[in-house]
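One structure is given here, and the rest of the page talks about it.
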Amino acid sequence: MSIRVLVVDDQHVVRAGFTAIIEGEPDLEVVGQAGDGAEALRAVRELRPDVVLMDIRMPGMDGLTATRELMGTTTRILVLTTFHRDEYVFGALRAGASGFLLKDCDPQELVDAIRTVAEGAAMLAPAVTRRLIDAFVSGTVSPPSPADDRLELLTQRERDVLVQVAQGLSNTEVGAELGIGTATVKTHVNAILTKLDLRDRVQATIFAYDTGLVRPGR
């Protein structure tokens, strides 16, 4: 079955360009387009896409607001923008986006990212991933609220795993650090995401810093 994609951008030429790239792939299908956040919400309800390519800055309802409104749905949000300022990155991720790419990415990078988020994984441009971790570590991003009762849902081992995940380690690296198998790490990660109602490792990283489980400079 094809991955159903909704393209959201206030510029028609940008929507047309992304649509042409996506339609060139046999396993991808553009089911609709939208010019702002409000139109995107209506389209998601009507078309039920698997992935939404979401621009951030649009007239009327912007992409961050629309992404936040879609949190909790099965639709995955892949943010595409010309703006790489940290506040846009963190805002999009906190709003529930599954990925963040710049609009000047290669066509192959774009279609690969769509497939990645459709499968339930997170997709960030490498530079964005590095800035996300660095900004938290340096303390340039302030946690919005340190209180979150969901942390109490985790076992001590799950907290240990989450700390390592928040530092950017892969499952294999977490296993080596904690002296457990990779399959066991994967089981713990899945349990963490389920208990905390998080989509992916990026959301888990933000949660770990927001709650103070991992602190800047540690």
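Just so it is clear, none of the values below were taken in a lab; they were calculated from the coordinates. This structure is a prediction, so every number in the text was calculated from the model and none was measured. Please note: Cβ atoms are built from the backbone with ideal geometry, for glycine as well, and neighbour counts cover all protein chains shown.
Counting only other residues whose beta carbon sits under 14 Å from that of Leu178, what net charge do I get with K and R as +1, D and E as -1? It works out to a net charge of -1. For Ile3, the shell of other residues with beta-carbons less than 11 Å away shows a net charge of -2, using +1 for Lys and Arg and -1 for Asp and Glu.
Computed extension length for Leu47-Val13: 10.1 nm, one decimal, from 0.36 nm per residue of separation with the Cα-Cα distance subtracted. The phi-based Karplus calculation (6.51 cos²θ - 1.76 cosθ + 1.60; θ = phi - 60°) puts the 3J(HN,Hα) values of the stretch 17-28 at x, 5, 4, 4, 5, 5, 5, x, 9, x, 9, 10 Hz, whole numbers, x for Gly and Pro.
Taking other residues whose beta carbon is less than 11 angstrom from the beta carbon of Leu47, and scoring Lys, Arg as +1 and Asp, Glu as -1, yields +1. Here the spin labels are modelled as points 7 Å beyond Cα on the Cα-Cβ line, and at Ile180 and Arg115 they lie 3.1 nm apart.
In this structure the amide hydrogen of Ala34, modeled in the peptide plane, comes within under 5 Å of the amide hydrogens of Val7, Val8, Asp9, none closer than 5 places in sequence on its chain. Couplings 3J(HN,Hα) for the stretch 37-47, derived from phi with the Karplus relation 6.51 cos²θ - 1.76 cosθ + 1.60 (θ = phi - 60°), are x, 4, 5, 5, 4, 5, 5, 5, 5, 7, 9 Hz, where x marks Gly and Pro. Would you please classify the overall shape of the stretch 7-80 from the alpha carbon gyration tensor, given that a ≥ b ≥ c denote the square roots of the eigenvalues, rounded means a/c under 1.5, and beyond that prolate means a/b larger than b/c while oblate covers the rest? Here the stretch 7-80 falls in the oblate category. One chain, two ends: Gln156 and Arg215. Fully extended at 0.36 nm per residue, the span grows by 19.5 nm beyond their Cα-Cα distance.
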